[in-house]
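All of the numbers you see were taken from the coordinates with simple rules; none came from a lab. Everything numeric in this text was worked out from a predicted model, so none of it was measured. Methodologically, a virtual Cβ is constructed for each residue, glycine included, from the backbone with ideal geometry; neighbour enumeration extends over all protein chains shown.
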Amino acid sequence: MRPGAVVVVSGVDVDVVVIGAGQAGLSTAYHLRRLGVSFVVLDGADGPGGAWASRPPTLTMAKVHGVFDLPGVRRAAAAGEDSAPASEVVGRYYAGYERRFDLPVLRPVRVTSVESLDDGRLLVRAADGRTWSARAVANATGTWTRPHWPYYPGASTFHGRQLHSSQYRGPSSFAGQRVIVVGGGHSAAHVLSEVADVAASVTWVTRRPPEFRYDEFSPEVGRAVIADVEARVRAGLPPLSVVAVTGLGYTEVVREAMAKGVLNPRPMFTRLVPGGVEFPDGTVAEADVIVWATGFRAALGHLAPLHLREPGGGVRMDGTRVVRDPRVHLVGYGPSASTVGANRAGREAALEIKELLESSLPGATAA
């Protein structure tokens, strides 16, 4: 028996459980369907759309970098779509995709753990008590459900409001307030570009000087970025944030923020004080609200019972396959955490899982 293995006497048996129904999960499901593999998709959200469904209504299609087509069908853009919220447009697209290919998506199903069974299968547990046993798991949970809140001294003393950019729903609640936005990515630029119209003052703070990219994001640049991220995950290190690798592109949102004169970064403050933040030189910027646009971390907590992490803190990968447990594939993690990469990774994961199921391996190799 594998160390830490458990025995289960009930549940649904399938070949593969796909966790998450965003782009990475749907791409994987599409290719598993084409390969004739038995699978189910468990999605923790109330409806289709993945992380897009949680984006603020002010993030319109004109402001997004683009929605990459899911495999097998191109998204037909509707007239006047640029002014529509991306959350609604993508939600409809994903919902139609699930219906078109008859993908077995169950929701809302919040997966709480994935464990080893004594027969070499994997046990997937949900918060509502349901279980599934599978020969392989394709994890496509992304990062949206795990926003990163960095700690700075004095955080509990600040008298104003603090929120993560994932909680941002539009500029109206910031009217007449002094706002500090922390972070050097596109989420920060989006908040700045909108809040600037209504706030009494806006201050942009970044941990390191932002690197603006004015050149075209060519295929060659894309391949170099993917190679950089892939090298880290092959070494078992946590993947870097997207902006840390790509820089801040000259998008519609960035151009709008520049035009309003709010992309003037200050270096990171050292502490929060009751009325604002204090910088290394002792100066204080007064604030009523702090928006932490500080990114996300991979949502992998439910995989903790499998002990997949390396000493470096990351998960060592070989393609989409986890080196410590080849039954587990991470899609939308590391080099595949992008709109282009997620589709490719879904196909790769499905093919590798098909090969695993057809092999003589009863389960994972020894860690």
Exercise. Label R34 and E286 with points 7 Å out from Cα along Cα→Cβ: what is the distance between them in nm?
Worked result: 6.0
Exercise. For the stretch 308-313, in order, what is each residue's ³J(HN,Hα) by Karplus, 6.51 cos²θ - 1.76 cosθ + 1.60 with θ = phi - 60°, in whole Hz (x at glycine and Pro)?
Worked result: 8, 6, 8, x, x, x
Exercise. Once amide H atoms are built 1.01 Å from N in the peptide plane, which residues 5 or more positions from E310, or in another chain, come under 5 Å H to H?
Worked result: V315, R316
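Counting other beta carbons within 10 Å of each Cβ, put W132, W292 in order, fewest first.
W292, W132
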Exercise. How far, in nm, would the chain grow between T131 and E252 when pulled straight, counting 0.36 nm per residue and subtracting the alpha carbon separation?
Worked result: 39.1 nm
Exercise. Rounded if a/c is under 1.5, else prolate if a/b is larger than b/c, else oblate: which is the stretch 96-178, with a ≥ b ≥ c the root eigenvalues of its Cα gyration tensor?
Worked result: oblate
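What is the gain in length, in nm to one decimal, between A200 and L351 on full extension, counting 0.36 nm per residue of separation less the C-alpha to C-alpha distance? If you can, show how the numbers build up before the last one.
Values: separation 151, 0.36 × 151 = 54.36 nm, distance 5.44 nm.
Result for the pair: 48.9 nm of gain on full extension.
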Exercise. Given Cα pairs under 8 Å that are at least 6 residues apart, what percent is the relative contact order of the stretch 69-191?
Worked result: 10
For this session: Starting from the Cα-Cα distance between M268 and H148, subtract it from 0.36 nm times their residue separation and give me the gain in nm to one decimal.
Result: 41.6 nm
Exercise. For a paramagnetic label modelled at 7 Å from the Cα of D119 toward its Cβ, which residues of the stretch 28-67 fall within the zone defined by backbone nitrogen distances under 18 Å?
Worked result: 38-40
